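The values are calculated or read from the model by the stated rules, or taken from the named source; none is laboratory data. Model, not experiment: these values are computed from the prediction. Cβ atoms come from the backbone with ideal geometry, glycine included; neighbour counts cover every protein chain shown.
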Amino acid sequence: MVVAGKFGGFRVLLTDPDGRRTGTDPATGAALREIPESGSYTDALANNVTGERPTSAATFVEIDYPEAGVYTLEVRGLAPGAFVLSVDSRGPDGQRRQETAPKETVTNGAVVRYKLHIESGPPEGPLIGPVFSR
């Protein structure tokens, strides 16, 4: 999953069906990695020529072998700005697919929540098919 928007403008937290979390704790800002085989990181680029700080960033949350069920993704605003959520997965046919939710705008303290419905796959590996709902 990728949430892309204004640099420093949001925090992302994913909660699995068992209540385990990966991302950034909304209260403390601490990194969480409770979901097995998961991780999160933020990527941003400064201007190498001018040294100007980044203006946009992408936060990635990855799960290698997600369990089936409903996951909750929270995007918490730290500053006014827009973001886009994109999910890469494998569909029931094994083909890679990408789904993108409509662009959202947040303000400081606002939270946008998504439900991601993860389906179980065949024994040789999980196949997930997220369906966005709010």
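VAL70 passes all but one of (1) surrounded by 14 or more Cβ atoms within 10 Å (Cβ to Cβ); (2) touching a Lys or Arg at 6+ places or on another chain (Cβ under 6 Å); (3) under 15 Å from THR15 (Cβ atoms); which number fails?
Going through the list (1) surrounded by 14 or more Cβ atoms within 10 Å (Cβ to Cβ); (2) touching a Lys or Arg at 6+ places or on another chain (Cβ under 6 Å); (3) under 15 Å from THR15 (Cβ atoms), VAL70 breaks only (1).
If you go through the stretch 116-130, how many residues are closer than 17 Å to GLU74 by Cβ, surrounded by fewer than 18 Cβ atoms within 10 Å (Cβ to Cβ) and either of a type in the set (Asp, Glu) or at pLDDT below 55 (or both)?
Residues in the stretch 116-130 being closer than 17 Å to GLU74 by Cβ, surrounded by fewer than 18 Cβ atoms within 10 Å (Cβ to Cβ) and either of a type in the set (Asp, Glu) or at pLDDT below 55 (or both): 0 in total.
How many of the residues in the stretch 57-91 are out of contact with any Gly (no Cβ under 6 Å at 6 or more places or on another chain), part of a loop (DSSP other than H, G, I, E, B) and more than 20 Å from ALA31 (Cβ to Cβ)?
Count: 4.
Say whether the condition of being closer than 16 Å to HIS117 by Cα, in contact (Cβ under 8 Å) with a residue 12 or more places away in the chain and surrounded by 12 or more Cβ atoms within 10 Å (Cβ to Cβ) is met by at least one residue in the stretch 46-62.
Yes, the conditions are met somewhere in the stretch 46-62.
What pairs can you find where one residue is in the stretch 64-88 and in contact (Cβ under 8 Å) with a residue 40 or more places away in the chain and aromatic (Phe, Trp, Tyr), the other is assigned to a strand (DSSP E or B) and loosely packed, with under 13 Cβ neighbours inside 10 Å, and their Cβ atoms are less than 9 Å apart, with a gap of 6+ or different chains?
Within 9 Å, the pairs are PHE83/THR105.
Within the set of pairs 6 or more residues apart or between chains, which connect a residue that is more than 14 Å from LEU73 (Cα to Cα) inside the stretch 96-115 to a residue that is of a type in the set (A, V, I, L, M) and part of a strand (DSSP E or B) with Cβ atoms less than 8 Å apart?
Between residues of the stretch 96-115 that are more than 14 Å from LEU73 (Cα to Cα) and residues that are of a type in the set (A, V, I, L, M) and part of a strand (DSSP E or B), the close pairs are GLN98/VAL87; GLU99/VAL87; LYS103/ALA82; LYS103/VAL84; THR105/ALA82; VAL106/VAL75; VAL106/ALA82; VAL106/VAL112.
For residues that are in contact with a Lys or Arg (Cβ under 9 Å, 6 or more places away or on another chain) and assigned to a strand (DSSP E or B), tally how many sit in the stretch 17-39.
So the answer is 8.
Checking VAL106 against (1) out of contact with any Gly (no Cβ under 7 Å at 6 or more places or on another chain); (2) β-branched (Val, Ile, Thr); (3) at pLDDT 80 or above, which single condition isn't satisfied?
(1)
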